Amino acid sequence: MSPDQLRAARAFFDEHGWVVLRGALTPTDGLAAAAEEVLARVPQAVVEVAPGVRQLAGVTRASPALEEAIFGSGWLGAIARACLGCERVRLLQDLVLMKPAVTAGATGGRIGWHHDFAYTGYLEAPRTVSVRLALDAETAETGAMEVLDGSHRWRFGTRAEGEAGGSEGSVPRESQGVDPRVHDGFVDDRLLPELIARDPGLAARVEASRRVLCLAPGDVSVHHALTLHGSRANTGGGRRRTLIHHVFDASLRFVEEGLPSPDMIYWIETDEEGRLAGPLHPLLP
Ligand SMILES: O=C(O)CCC(=O)C(=O)O
């Protein structure tokens, strides 16, 4: 991406909390084949994260072809640094998310409204991005992701909740209003109703800010850790596969109380200043 494209992406992202980059990585046939090759090797490692939504973590690093395509040319690091406005970024996690088509009347394949800081709150601030590369067409019918435009500035579940502007700052759990971790947003849809119950005026704002991020294979979407998002069932007849990389500002410190599950501590490696580091979290070129 050119510096001008990165600047434009950053300006849009700052305002909206998401941005779509058309044709960022086409064609995707080789990438889809590489992901399928990993899936075929370790089918038992695929996890159902919500009914009808499957994922395999670590897929990119399990495939030299994917590693080269995703990390090799530096596009992922470049777009994450631009959106986060920082100099160094690290990979938090990578995965392929899959939604097989559901039969008529079935309800599987939905992901409830949530924001990613609900499960990345072990970083001291919500300065992460989720960078999603479509391997198949993502439409309203195939369960495309939907965002609430500008909701990264609503700052629900953070200390600065309700304040205008600013996507920086630390967010101690004890001073939060609605803690998004009380709901496993992936599998239930209680977060928005709960927020609306606290502030009935929000209902109209939610409706006005819904955007479905339709993507063609090779398009990339990026969203902020506080952007509220979810996705619908895949009733479109074809499968929907998305390669997702969560990337964080490398200056962030690790906060143990923010771990979604205490067991995760066994995976955590930090440097002498308490920042996530090690081979699980490489610096991105
Ligand atoms: O792809 C989707 O439907 C949802 C992905 C998501 O929740 C995320 O990337 O944080």
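Only the coordinates and a few stated rules stand behind these numbers; no lab work does. Predicted model only: the values in this text are computed from it and were never measured. We place every Cβ from the backbone using ideal geometry, glycine too, and count neighbours over all the protein chains shown.
Could you grab me the full set of residues in region 108-130 that are among the aliphatic types (A, V, I, L, M) and either more than 10 Å from the ligand (Cβ to nearest atom) or under 20 Å from Ala50 (Cα atoms) (or both)? Ile111, Ala118, Leu123, Ala125 - these are the residues of region 108-130 that are among the aliphatic types (A, V, I, L, M) and either more than 10 Å from the ligand (Cβ to nearest atom) or under 20 Å from Ala50 (Cα atoms) (or both).
From the list Glu257, Glu207, Glu194, exactly one residue is away from the ligand (no atom under 16 Å from the Cβ), out of contact with any His (no Cβ under 7 Å at 6 or more places or on another chain) and closer than 30 Å to Arg90 by Cβ. Which is it?
Glu257
Scanning region 1-37 for residues that are more than 14 Å from Arg132 (Cα to Cα), aliphatic (A, V, I, L, M) and either surrounded by fewer than 20 Cβ atoms within 10 Å (Cβ to Cβ) or out of contact with any Ser or Thr (no Cβ under 9 Å at 6 or more places or on another chain) (or both) yields a count of 6. Listed by first and then second residue, the pairs with beta-carbon distance under 9 Å, at least 6 apart or on different chains, first residue in region 111-137 and touching a residue at least 40 places away in the same chain (Cβ under 8 Å), second within 11 Å of the ligand (Cβ to nearest atom) and assigned to a helix (DSSP H, G or I), are Leu123/Phe117; Ala125/Phe117; Pro126/Phe117; Pro126/Thr120; Thr128/Phe117; Thr128/Thr120. When region 229-253 is filtered for residues that are closer than 19 Å to Ala118 by Cα, within 15 Å of the ligand (Cβ to nearest atom) and of a type outside the set (S, T, N, Q), the ones remaining, listed by number, are His229, Gly230, Ile244, His245, His246, Val247, Phe248.
Out of all the residues in region 136-147, which are under 20 Å from Val19 (Cβ atoms) and either among the charged types (D, E, K, R) or within 11 Å of the ligand (Cβ to nearest atom) (or both)?
Correct list: Glu138, Ala144, Met145, Glu146, Val147.
At least 1 residues being aromatic (Phe, Trp, Tyr) is the threshold, and among the strands (runs of 3 or more DSSP E) wholly inside region 46-125 those reaching it are 111-114.
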